[in-house]
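Nothing in this text is a laboratory measurement; each read-out follows from the coordinates by a stated rule. The structure displayed is predicted, hence computed values, not measured ones. Using ideal geometry, Cβ is built from the backbone for each residue, glycine included, and neighbour counts are taken over all protein chains shown.
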Amino acid sequence: MFRGATSISIDSKGRVAIPTRYRVELREKHKGILVCTVDIRQPCLLLYPLHEWEVVEQKLLALSNFDPMQRRIQRVMQGFATECEMDAAGRILLSPTLRQHAQLEQQIMLVGQLNKFEIWQDKQWQSQIAEDLALGCSAEMLNCEALKNLSL
């Protein structure tokens, strides 16, 4: 389970050091292999352990190639999907194409989302989280059926 938000530096080659607290699980359960792709709704990346990505791939495979919207989702999610293997120092390499999509420079945020991570450009993350927190007080959030029974 991946949780929390961590500020991380990205070097000029696009290498990102995965926080130490996640490395053992990623190596033992997933052999240090992750898959990174773009988020189709947000200007961030999604980083999955290989086994979790394989679940997503099965869902993408179940979509219709004949429906234009479903095909677009397959094309983008699968087209950007890149395997990232952790090196001995616990780093992964993010391709230039992925870095460009999320506008990643110097400081990034690695955000745990239970079965995956989101990778955000630091300023974009700050803006997004402010927007998300503001939404928490809105009528839209209070009227969301799926959240009415959520007890925290």
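Rounded to the nearest 500 deg cm²/dmol, what is the calculated helix-only ellipticity per residue at 222 nm for the chain, with -39500 (n - 2.57) per DSSP H run of length n ≥ 4?
-12000 deg cm²/dmol
Using a 7 Å offset from Cα along Cα-Cβ at Asn65, what residues in segment 76-114 end up with backbone N under 19 Å from the label point?
From segment 76-114, the list is 76-81.
Tell me, what does the Kirkwood hydrodynamic radius of segment 1-65 come to in angstroms if you use every pair of distinct C-alpha atoms?
By the Kirkwood definition, the hydrodynamic radius is 13.7 Å.
Which ³J(HN,Hα) values in Hz, rounded to whole numbers, follow from the phi angles of segment 120-128 under the Karplus curve 6.51 cos²θ - 1.76 cosθ + 1.60, where θ = phi - 60° and Gly and Pro get x?
With coefficients 6.51, -1.76 and 1.60, one gets 10, 5, 3, 5, 5, 4, 4, 5, 5 Hz.
Quick one: net charge around Gln42, please, counting Lys, Arg +1 and Asp, Glu -1 for every other residue with C-beta under 12 Å from its C-beta.
Residues close to Gln42 contribute a combined charge of -3.
For the chain, divide the Cα radius of gyration by the Kirkwood radius and give the resulting Rg/Rh value with two decimals.
0.99
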